[in-house]
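The next block holds one structure in the form of structure tokens; read it before the comments.
The values are calculated or read from the model by the stated rules, or taken from the named source; none is laboratory data. Model, not experiment: these values are computed from the prediction. In this analysis, Cβ positions are derived from the backbone assuming ideal geometry, glycine residues included, and neighbour counts consider all displayed protein chains.
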Amino acid sequence: MINNIYYYIHTAARTEQADLVIKNGKIIDVFNGEIIEEDVAITNGKIVGIGSYRGNTYFDAKGCYICPTFIDGHVHIESSMLIPQQLEKVLVPHGVTTLIADPHEIANVSGTEGIQYLIDNSKQSLLDIYFMIPSCVPATPFENAGAVLEAEDITPFYNDPNVLGLAEVMDFPSVLNGNEKMVNKLTSALQSGKLIDGHAAGLNKYGINTYRAAGIQSDHEAVSAEEAKIRLQRGMYLMIRQGSVAKDLEALLPVVTERNARRCLFVTDDKHLDDLVEEGSIDHNVRLAIANGMDPIQAISMATLNTAECFQLKNKGAIAPGFDADLLIISDLHQVTIEDVFLKGKHVVQKGILQAKLTTTEPKPTPVALTNSVNINPVTQDDLKIILSKKTANIIEVIPNSLITNHLQEEVDIEEKLFVSSIEKDQLKLAVIERHKQTGNIGLGIVKGMKLKEGAIATTVAHDSHNIIVCGTNDSDIVKAISEIEDMQGGIAIVKEGKLLNALPLPISGLLTDQDYKITLEQMKSLNTSLSLLGFSGDFNPFLTLSFLALPVIPDLKLTDTGLFHVKKFKHISV
């Protein structure tokens with residue numbers, strides 16, 4: 001390290017040539033919000049100077065803009081369905097080279113072994129992936145996950161330099177009531193000098209007060225400008241989310257001003273592979289913010305320096321001496337057209353095309369426990385009966401492209417005191433089957449708005465406990481879909497008339513695949529095409545929507561393996 005510093009000093013002082021000099025570019029100065037036209041000198045993967053420099057090699061930016069690579073401030077890698085060594089091939093061409101990851105999904109299935117698997121795999125990737133360790137496994141005490149993590153399970157991870165803190169604290173009743181186990185987790189993180197992320201969905205200003213008093217520094221669950229303002233007033237970092245389902249950016253932008261922008265950053269939270277490939281990651285957030293009137297330099301600062309400062313990444317997020325030489329060459333500032341990407345000074349993307357094999361080692365073998373994660377009792381049609389004493393039922397109503405659902409009370413069709421799905425009313429059966437410990441638990445409910453006319457769809461991607469969730473127009477296809485999920489040990493299945501139409505296997509904890517991302521992408525496209533065979537007519541992704549119908553920390557009504565759950569009341573209710 002000392003030798004490196006001597007080298008940096010001599011190249012910065014121009015007594016020795018830099019490894020690489022980028023010339024003829026317009027540098028985005030995220031500190032002053034300006035554009036400057038000077039050389040960027042890079043040595044041993046670090047930026048050593050801005051000015052006029054000589055180098056062993058040169059890169060001509062040809063009048064393009066030079067800006068830091070983007071940082072995703074909160075992301076669940078599992079939502080991409082890819083391991084880090086495949087995800088890097090998708091994200092780097094989009095200019096995203098640093099992630100703050102929460103392995104909450106795999107932790108809920110495979111516990112500490114799942115967390116360690118993702119951390120180990122990330123270190124074989126050239127992406128810079130930092131971790132926040134899951135705080136709520138299970139997400140609530142009202143469902144069954146594959147593991148239970150207490151403070152003593154979490155604390156050892158803080159010894160890893162790539163672990164920055166405690167991930168989104170979503171069990172807000174435990175925080176508000178000062179639950180001992182939650183307080184132990186918060187205390188452990190703070191005593192270890194770590195950061196704490198929030199998950200304050202639906203909390204009022206007093207709830208936000210309590211979160212901040214507990215040392216929680218950020219939140220990504222604001223869905224209105226009013227909620228965003230309260231978080232900023234209370235000293236939180238405002239994470240502006242634009243993912244595959246939760247799309248909050250346009251609603252929150254009005255709260256961002258020149259005065260408070262430094263406390264705002266961009267995140268994706270959950271974004272599927274097809275969306276990452278087609279529209280991008282944080283680059284899409286930046287592009288969308290600019291399209292909605294935000295100054296381009298401010299938007300870029302929110303995607304770079306702000307995130308780095310939030311997570312105390314002192315060498316990330318700027319084009320300046322001492323910072324990592326992770327930078328983008330952008331030809332169109334408003335369209336954020338990425339021509340070239342440099343990682344630690346290495347030219348890895350040219351003219352938008354990935355040129356280098358980023359990963360240098362083969363992934364380690366996946367632990368057997370992670371590939372044997374679907375453990376259920378046989379499910380029959382009798383197990384799916386919803387007995388009703390009256391025609392009016394509590395129904396989960398899907399809100400397209402939102403994590404939030406509505407709680408409806410509507411008349412439903414009944415035969416011999418049993419609920420019958422109605423295509424005309426768009427009232428379909430929903431089931432959640434516990435798949436970790438073979439408890440036999442099956443939660444049953446009714447969902448409106450899934451827009452299926454035939455068949456059934458099922459998946460083990462069911463936030464956050466990731467049990468099997470299935471929606472169907474008839475019990476026979478629902479049972480078949482569950483069986484197919486069990487056979488492939490996790491993934492997504494589409495069934496019609498007792499036959500498997502299409503499937504995407506996810507053998508790693510029922511969430512991830514280690515196959516090439518291009519193969520997975522084609523499988524996803526094929527799944528989407530097969531939806532037409534079920535008569536699907538919605539303007540949303542039904543697989544993503546289905547996966548969040550089991551999330552009992554987002555209002556209003558959700559379904560867990562133990563039954564229908566009213567989030568605001570934080571208790572189960574009957575159908």
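Among the residues in the range 220-227, are any farther than 27 Å from D283 by Cα and modelled with pLDDT of 95 or more?
no
Taking the stated definitions as given, is T43 of a type outside the set (A, V, I, L, M) and in contact with a helix residue (DSSP H, G or I) (Cβ under 7 Å, 6 or more places away or on another chain)?
Yes; evaluated as a whole, the condition is true for this residue.
Could you check how many residues of the range 506-523 are in contact with a strand residue (DSSP E or B) (Cβ under 8 Å, 6 or more places away or on another chain) and at pLDDT 95 or above?
8
When residues of the range 1-56 are filtered for being of a type in the set (A, V, I, L, M), surrounded by fewer than 16 Cβ atoms within 10 Å (Cβ to Cβ) and over 36 Å from the mean Cα position of the chain (by Cα), how many remain?
4
Between a residue in the range 525-539 that is in contact (Cβ under 8 Å) with a residue 12 or more places away in the chain and closer than 21 Å to N474 by Cα and any residue that is small (G, A, S) and buried (at least 16 other Cβ atoms within 10 Å of the Cβ), which pairs come within a Cβ distance under 7 Å, given they are 6 or more apart or on different chains?
L534/G455
Mind listing whichever residues of the range 306-335 are acidic (D, E) and outside any loop (DSSP other than H, G, I, E, B)?
Within the range 306-335, E309, D324, D332 meet the criteria.
If you take the residues in the range 15-74 that are closer than 22 Å to I5 by Cβ and of a type in the set (D, E), which one is modelled with the lowest pLDDT?
This residue is E16.
Given the structure, is K364 of a type in the set (K, R), in a loop (DSSP other than H, G, I, E, B) and over 28 Å from L511 (Cα atoms)?
No, not satisfied.
On the given criteria, is I300 in contact with a strand residue (DSSP E or B) (Cβ under 6 Å, 6 or more places away or on another chain) and not in a helix (DSSP H, G or I)?
When the stated conditions are applied, I300 does not pass them.
Mind checking which pairs have a first residue in the range 464-488 that is assigned by TED's automatic domain parsing to the domain that holds N377 and basic (K, R) and a second that is surrounded by fewer than 21 Cβ atoms within 10 Å (Cβ to Cβ) and not in a loop (DSSP other than H, G, I, E, B), Cβ under 6 Å, 6 or more apart or different chains?
Filtered contacts from the range 464-488: no entries.
Filter the range 256-272 down to the residues that are part of a loop (DSSP other than H, G, I, E, B) and in contact (Cβ under 8 Å) with a residue 60 or more places away in the chain, then identify the one that is surrounded by the most Cβ atoms within 10 Å (Cβ to Cβ).
It comes out as T268.
This table checks each residue for (1) in contact with a Leu (Cβ under 8 Å, 6 or more places away or on another chain); (2) at pLDDT below 95; (3) farther than 30 Å from C136 by Cβ; (4) not in a loop (DSSP other than H, G, I, E, B).
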site: I492; (1), (2), (3), (4): yes, no, no, yes
site: L500; (1), (2), (3), (4): no, no, yes, yes
site: L504; (1), (2), (3), (4): yes, no, no, yes
site: N528; (1), (2), (3), (4): no, yes, yes, yes
site: S537; (1), (2), (3), (4): no, yes, yes, no
site: L544; (1), (2), (3), (4): no, yes, no, yes
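Per-residue answers, yes or no, for (1) without any contact (Cβ under 8 Å) to a residue 40 or more places away in the chain; (2) within 16 Å of the chain's Cα centre (by Cα):
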| residue | (1), (2) |
| --- | --- |
| C64 | no, no |
| G73 | no, yes |
| I83 | no, yes |
| L99 | yes, yes |
| H104 | no, yes |
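Give me the pairs: first residue in the range 273-302 and farther than 14 Å from I338 by Cβ, second residue in a loop (DSSP other than H, G, I, E, B) and hydroxyl-bearing (S, T, Y), beta-carbon distance under 6 Å, and six or more apart or on different chains, which are they?
D275/S244
Pull out all pairs, ordered by first then second residue, where Cβ-Cβ is under 8 Å, the residues are six or more apart or on different chains, the first lies in the range 378-404 and is in contact (Cβ under 8 Å) with a residue 40 or more places away in the chain and among the acidic types (D, E), and the second is part of a loop (DSSP other than H, G, I, E, B) and buried (at least 19 other Cβ atoms within 10 Å of the Cβ).
Once the first residue is in contact (Cβ under 8 Å) with a residue 40 or more places away in the chain and among the acidic types (D, E) and sits in the range 378-404, its partners that are part of a loop (DSSP other than H, G, I, E, B) and buried (at least 19 other Cβ atoms within 10 Å of the Cβ) give E397/G449.
Please list, ordered by first then second residue, the pairs with beta carbon atoms under 6 Å, 6 or more apart or interchain, first in the range 434-447 and farther than 18 Å from D464 by Cα, second in a loop (DSSP other than H, G, I, E, B).
If the second residue must be in a loop (DSSP other than H, G, I, E, B), the pairs left are G440/N377.
Would you say S373 is of a type in the set (S, T, Y) and assigned to a loop (DSSP other than H, G, I, E, B)?
Judged against the criteria, S373 is a match.
Within the range 567-574, can one find any residue that is within 18 Å of G443 (Cα to Cα) and under 25 Å from the mean Cα position of the chain (by Cα)?
Yes, the range 567-574 has at least one match.
Is it true that A251 is closer than 23 Å to I399 by Cα, more than 14 Å from the chain's Cα centre (by Cα) and surrounded by 24 or more Cβ atoms within 10 Å (Cβ to Cβ)?
Here the answer is no, as A251 does not meet what is asked.
Within the range 207-236, track down each residue that is surrounded by 24 or more Cβ atoms within 10 Å (Cβ to Cβ) and among the hydroxyl-bearing types (S, T, Y).
Y211, S218
With the requirement that a residue be touching a residue at least 40 places away in the same chain (Cβ under 8 Å) and buried (at least 18 other Cβ atoms within 10 Å of the Cβ), what does the range 144-164 give you?
Answer for the range 144-164, where residues must be touching a residue at least 40 places away in the same chain (Cβ under 8 Å) and buried (at least 18 other Cβ atoms within 10 Å of the Cβ): N144, A145, G146, A147, L149, D153, F157, V163, L164.
What's the number of the only condition in (1) outside the structural domain of Q242 (by TED's automatic domain parsing); (2) out of contact with any strand residue (DSSP E or B) (no Cβ under 7 Å at 6 or more places or on another chain) that S79 fails to meet?
Result: S79 fails condition (1) only.
Across the range 165-191, what is the total count of residues that are in a loop (DSSP other than H, G, I, E, B), buried (at least 16 other Cβ atoms within 10 Å of the Cβ) and of a type outside the set (D, E)?
Final tally of qualifying residues: 1.
Taking interchain pairs and intrachain pairs at least six residues apart, which have beta carbon atoms under 9 angstrom, with the first residue in the range 241-255 and within 18 Å of D539 (Cβ to Cβ) and the second modelled with pLDDT of 95 or more and of a type in the set (F, W, Y)?
Between residues of the range 241-255 that are within 18 Å of D539 (Cβ to Cβ) and residues that are modelled with pLDDT of 95 or more and of a type in the set (F, W, Y), the close pairs are Q242/F266.
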